[in-house]
Every structure is written in C-alpha cells, then in structure tokens.
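Just below is one structure, and these are the notes that go with it.
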Amino acid sequence: MEINIFDSELKVLEVLWKEGDLTAGQLSAILKKQTGWNRNTTYTVIGRLIAKGAIERYDSNFFCKAIITKEQVQRHEATELVNKLFDGSAARFLSLFLNGKELSESEIRRLKQIVDELEPMCR
C-alpha cells in the first residue's frame, strides 16, 4: 500500500497505533495536549486520512481505526527516502547512515542476519 503520509497525518496515526481505536473527540483531546491543535484541525486531518484509506470511521460515535500499519508507513517512507536522495541505492544509504556510528555487537549481528536473509531473494 503506497500512501504518502504528511507529518500532521502521522501524528494522528501514531496516536491510533499506540492507543488503538478512538473516537474523533478522544483523538482531538489527545492531540490538543500533544500539539495544541484545535478540534477542527484534528477533524480535517482525520478526514484526509479517511480519504486516503489510511484510517476508517465506524459506529455512530465516529470511532477511528488505523487501517495501515506503522510498518507499512515506515517501509514506504524509507523507500521514498532512498529513491529521492540515494538514487534508489540502499547500499549507498546504509553506507552513509552507518558511517561513523558506533554499533554494538548485537546490532552488527542483526544487520548481518538481515543481509543473509536477503541473499536467497537475489538469486
């Protein structure tokens, strides 16, 4: 699922991923505390997310439910970043990203494991 999510929309999704299904009023109250948004701003962002198919509304109380997962958004955004800034080269991205970082042994093992799991897909 390829949906471009703006930062404001991500704020709404983050709340739903963390808290689960909420009414629009509950979302509005949480986002007022977190961001200072008024009710209309929250409802506008909810409407955009519904139109994009990222959340759905159900029940007469206007409950909102995230349809897309955080992992789907992360995957899409990471792909967009690599395509936009690194000409689609994950190797160039990783090289720049990891350059100068101090990785623990467990992080290095996990990265090796990821590469090992990808190798059969390349054959």
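The values are calculated or read from the model by the stated rules, or taken from the named source; none is laboratory data. What you see is a predicted model; the values in this text were computed from it and never measured. Please note: Cβ atoms are built from the backbone with ideal geometry, for glycine as well, and neighbour counts cover all protein chains shown. These area figures cover heavy atoms from the full protein model, side chains too; ligands, DNA and RNA do not enter into them. Shrake-Rupley method; radii C 1.70, N 1.55, O 1.52, S 1.80 Å.
What the table shows:
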quantity: Residues within region 30-44 that are among the aromatic types (Phe, Trp, Tyr) and open to solvent by 60 Å² or more (accessible area, probe 1.4 Å), tallied; calculated: 1
quantity: Residue tally, condition out of contact with any strand residue (DSSP E or B) (no Cβ under 7 Å at 6 or more places or on another chain) and surrounded by fewer than 19 Cβ atoms within 10 Å (Cβ to Cβ), over region 45-55; calculated: 5
quantity: Count - residues of region 60-105 that are under 30 Å from residue 26 (Cβ atoms) and touching a residue at least 12 places away in the same chain (Cβ under 8 Å); calculated: 14
quantity: Total residues in region 89-123, condition basic (Lys, Arg), part of a helix (DSSP H, G or I) and over 17 Å from residue 79 (Cβ atoms); calculated: 3
quantity: Tabulated pairs, region 18-39, first over 16 Å from residue 62 (Cβ atoms), second outside any helix (DSSP H, G or I) and open to solvent by less than 90 Å² (accessible area, probe 1.4 Å), C-beta under 8 angstrom, 6+ apart or interchain; calculated: 32/38
quantity: Within region 20-29, considering residues that are over 13 Å from residue 66 (Cα atoms) and open to solvent by less than 50 Å² (accessible area, probe 1.4 Å), the one nearest to the chain's Cα centre (by Cα); calculated: 28
quantity: Condition broken by residue 5, with the remaining ones in (1) open to solvent by 30 Å² or more (accessible area, probe 1.4 Å); (2) not in a helix (DSSP H, G or I) satisfied; calculated: (1)
quantity: Number of positions in region 56-73 that are out of contact with any Ser or Thr (no Cβ under 6 Å at 6 or more places or on another chain), surrounded by 13 or more Cβ atoms within 10 Å (Cβ to Cβ) and assigned to a loop (DSSP other than H, G, I, E, B); calculated: 2
